[in-house]
Amino acid sequence: QAKNHGRNRVQVYSDQLESPTADKLVLENDLYKALERDELRLHFQPQFDCASGQIIGAEALLRWEHDGKLVPPMDFIPFAEETGLIVPMGEWVLRESCRKAQAWHLRTGWPLRIAVNLSAVQLEHTDIANTVARVLTETGLPPTMLELEITETVVVRESLRAADILTQLRSLGVSIAIDDFGVGYSSFGYLRELPVDRFKLDRSFLMAVPQSEGDCRLAAALIAMAHRLNVGIVAEGVENEEQLAFLKDHGCDEAQGYHLGRPMKEDAFEAMLVEHSRLHAGALKPITRMVNHA
Ligand code: C2E
Ligand code: MG
Ligand code: MG
Ligand code: MG
């Protein structure tokens with residue numbers, strides 16, 4: 001009888017092991033050790049100035065190398081946020097990104113702006129301005145070469161405190177980009193109050209450009225709105241030449257996407273930057289910060 005029970009239980013258990021839920025548990029358990037095991041990796045995706053075609057920045061994108069596979073952020077960041085693991089991980093991302101950017105700057109002389117994604121948890125539960133200041137000092141990266149990306153939904157949800165934190169961050173000299181811009185459409189009021197340098201137009205707005213007339217008008221209107229607010233705009237998810245032509249025609253400042261450059265390992269990114277800076281050395285543009293209402 002007891003044996004039967006046992007066998008049944010084993011059966012149930014092994015069924016669960018094959019389900020995604022059990023895989024997820026294994027992943028979550030291993031995530032606690034990812035940092036100490038040195039399993040976090042950064043990929044870098046170039047951002048281009050639309051008018052000149054020059055590389056203007058790079059977004060650092062987190063990966064987790066687990067059992068020889070690269071786990072995408074969407075498969076572990078939500079759990080890292082629930083458990084607070086995102087705090088040490090996010091600080092690792094920030095430090096590594098600044099360290100790399102500073103090394104690349106010294107090697108190439110190219111004024112690359114490094115963009116780092118911040119989680120809502122880092123904004124709400126840590127003294128992020130203090131962390132950023134410390135990391136900048138440690139790595140020697142000039143503050144103007146760091147951009148922090150914060151998703152629009154976070155900024156809208158926490159509007160009052162967010163304005164405060166963004167002001168602190170900006171006073172360090174770093175710039176702020178609103179990520180996934182346009183998705184958290186619930187409030188336009190925040191746009192006139194927040195000290196931000198750039199909007200990152202969510203890629204959903206570009207997906208049907210130029211085929212859909214309505215989407216073209218909307219994308220053009222969002223670009224124009226950014227400019228009326230004296231905020232820069234970078235389009236995400238540029239996947240083909242037609243979209244890039246559309247963005248240039250409508251005066252979009254910057255573009256990022258598979259068509260221009262995929263996220264790549266640091267060695268590949270560095271090689272590309274070395275080549276790019278050699279080719280464009282004469283036409284170098286300094287980093288400019290947008291001057292917003294603040
Ligand atoms: P995000 O910040 O909006 O990053 C853009 C995502 O779009 C990246 O996905 C990038 O690989 C992908 N992408 C870039 N160009 C194209 C394109 O042309 N077409 C398509 N379909 N996709 C494109 P990824 O690397 O999987 O990152 C997903 C999200 O995970 C990021 O969205 C960001 O919210 C989050 N994330 C990544 N790294 C970090 C990090 O270090 N910290 C935090 N808190 N979040 C991160
Ligand atoms: Mg981002
Ligand atoms: Mg984005
Ligand atoms: Mg996004």
In sequence order, calculated HN-Hα J values of the range 193-209 (Karplus, 6.51, -1.76, 1.60; Hz; x Gly/Pro): 9, 8, x, 10, 9, 8, 9, 9, 4, 4, 5, 4, 6, 9, 4, 9, 8
Relative contact order of the chain, pairs being alpha-carbon contacts under 8 Å that are 6 or more residues apart, as %: 19
Distance between modelled label sites at residue 40 and residue 268, nm, 7 Å Cα→Cβ extension: 2.2
Principal axis box of the chain, alpha-carbon based, largest edge first, Å: 79, 45, 39
Amide hydrogen neighbours beyond the local backbone of residue 264, cut-off 5 Å, H modeled: 44, 45
Residues with amide H under 5 Å from that of residue 232, placed H, sequence gap 5 or more: 198, 199
Mean ellipticity per residue at 222 nm, deg cm²/dmol - from DSSP H runs of n ≥ 4 across the chain, formula -39500 (n - 2.57): -15000 deg cm²/dmol
Residue 124-residue 245 pseudo-label distance in nm [points 7 Å out on the Cα-to-Cβ vector]: 4.5
HN-Hα J in Hz across the range 114-126 - Karplus 6.51, -1.76, 1.60, θ = phi - 60°, x for Gly and Pro: 9, 10, 10, 7, 10, 8, 3, 4, 5, 6, 8, 10, 9
The chain - charge dipole about Cα centre, Lys and Arg +1 at Cβ, Asp and Glu -1, debye rounded to 20: 400
Distant-in-sequence amide H partners of residue 66 (H built 1.01 Å from N, under 5 Å): 71
Residue 65 versus residue 161: modelled label distance in nm, points set 7 Å from Cα along the beta carbon direction: 3.6
Helix 159-171 vs. the chain, principal-axis angle (Cα, 0 to 90°, nearest 10): 60
For the range 44-60, 3J(HN,Hα) per residue [Karplus equation, 6.51 cos²θ - 1.76 cosθ + 1.60, θ = phi - 60°, Hz, x = Gly/Pro]: 10, 10, x, 10, 10, 6, 4, 5, 9, x, 7, 6, 10, x, 8, 9, 7
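Any read-out appearing in this document is the output of simple, stated calculations on the displayed coordinates, not a laboratory observation. From a predicted model like this one, the values you see are computed outputs, not experimental measurements. Every residue, glycine among them, receives a Cβ derived from its backbone with ideal geometry; neighbour counts consider all protein chains shown.
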